[in-house]
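Colleague: Pasting in a structure now, in C-alpha cells, and then I'll have a few things to ask.
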Amino acid sequence: MFAALEPRIMPGNINRRGLRFLGGTENFDLWEYTGSVDGLEYIGKHYAAPHPHPHYPLRIHRVAGGSTNWDVFKVPLHLNKEINSSMPPADRRYAGHWNDVTLSAEDVQIIEAYLRCFAPGVLGPQTNEEPT
C-alpha cells in the first residue's frame, strides 16, 4: 500500500486559483481549497460561486484510467455519501459532491494515509486517541 504514497510534482494543466496542491497517490491528485480570489472557481467542468468550501475542502482529481474528472470531498472521507450501500463492501463507493469521482474503501485508506503522512493538517487535529 505505501508504495503508492509518493509525492508528485504539480500537474501543469490544472487551474490552481484558490487551491493548494498536496501531491497525490498513484491514482489521484489531491488539492486543498484555500479560498477563491474572486468568488468564482473552476474545477474540471464545474463552476462554484461561491462553493461551500468549509464542507468540501478536499479536491480530488482522478489521474488513472484516462479519466480527467474532479470532485470535492468532505474530510475525513468516510463522511461523504456512500453509494451502492446494498452491495458487498468491495463494491461500495464514497461519492463526492457531484458524483464525478467515487472512491472505494481501499482508495479512502490510501488517500487518508497519504494525507496523514504528507499533509496532516487537512484531516484536522491529530490525536493519539482511538476512534470511538
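Colleague: Tally the residues that are surrounded by 20 or more Cβ atoms within 10 Å (Cβ to Cβ) and closer than 18 Å to T34 by Cα, restricting the search to the stretch 62-76. First the steps, then the outcome.
Modeller: Of the stretch 62-76, the ones surrounded by 20 or more Cβ atoms within 10 Å (Cβ to Cβ) are 62, 70-73.
Cutting the leftovers down to closer than 18 Å to T34 by Cα gives us 70-73.
Final tally of qualifying residues: 4.
Colleague: Of the residues in the stretch 48-62, how many are modelled with pLDDT under 65 and either out of contact with any strand residue (DSSP E or B) (no Cβ under 7 Å at 6 or more places or on another chain) or part of a loop (DSSP other than H, G, I, E, B) (or both)? Quick ask: steps written out before the conclusion?
Modeller: Step one: list which residues in the stretch 48-62 are modelled with pLDDT under 65, which gives 48-54.
Subset that is either out of contact with any strand residue (DSSP E or B) (no Cβ under 7 Å at 6 or more places or on another chain) or part of a loop (DSSP other than H, G, I, E, B) (or both): 49-54.
Summing the residues that are modelled with pLDDT under 65 and either out of contact with any strand residue (DSSP E or B) (no Cβ under 7 Å at 6 or more places or on another chain) or part of a loop (DSSP other than H, G, I, E, B) (or both) in the stretch 48-62 gives 6.
Colleague: Mind listing just one residue for me: the one in the stretch 63-91 that is touching a helix residue (DSSP H, G or I) at 6+ places or on another chain (Cβ under 7 Å) and part of a loop (DSSP other than H, G, I, E, B) and, of those, farthest from G18 (Cα to Cα)? Step through it out loud before you land on a result.
Modeller: At the first step, the residues of the stretch 63-91 found to be touching a helix residue (DSSP H, G or I) at 6+ places or on another chain (Cβ under 7 Å) are 75-78, 84, 89.
Still in the list and also part of a loop (DSSP other than H, G, I, E, B): 75-76, 84.
On the way: V75: 18, P76: 21, N84: 32 Å.
Residue satisfying both the conditions and the ranking: N84.
Colleague: Looking only at the stretch 90-119, count every residue that is at pLDDT 85 or above and surrounded by fewer than 18 Cβ atoms within 10 Å (Cβ to Cβ) and tell me the total. Full working, then the answer.
Modeller: Step one: list which residues in the stretch 90-119 are at pLDDT 85 or above, which gives 91-119.
From what's left, surrounded by fewer than 18 Cβ atoms within 10 Å (Cβ to Cβ): 91-92, 95, 98-99, 104-106, 108-109, 112-113, 116-119.
Counting residues in the stretch 90-119 that are at pLDDT 85 or above and surrounded by fewer than 18 Cβ atoms within 10 Å (Cβ to Cβ) gives 16.
Colleague: Hey, among the residues in the stretch 120-132 that are in a loop (DSSP other than H, G, I, E, B) and under 17 Å from L22 (Cβ atoms), which one's modelled with the lowest pLDDT? Walk me through how you get there before you give the answer.
Modeller: Residues of the stretch 120-132 that are in a loop (DSSP other than H, G, I, E, B), as a first pass: 124-132.
Now drop any that are not under 17 Å from L22 (Cβ atoms), which leaves 124, 126.
Details: G124: 75, Q126: 65.
Out of the qualifying residues, it is Q126.
Colleague: Also, quick follow-up: Which of the residues that make up the stretch 100-109 are part of a loop (DSSP other than H, G, I, E, B) and within 12 Å of the chain's Cα centre (by Cα)? If you could, list the steps in order and put the result at the bottom.
Modeller: Keep residues of the stretch 100-109 that are part of a loop (DSSP other than H, G, I, E, B), which gives 100-101, 104.
Listed by number, the residues that qualify are D100, V101.
The values are calculated or read from the model by the stated rules, or taken from the named source; none is laboratory data. Here the structure is a predicted model, which is why all the values come from computation and not from measurement. A quick note on method: Cβ atoms are made from the backbone with ideal geometry, for glycine too, and the neighbour counts reach across all protein chains shown.
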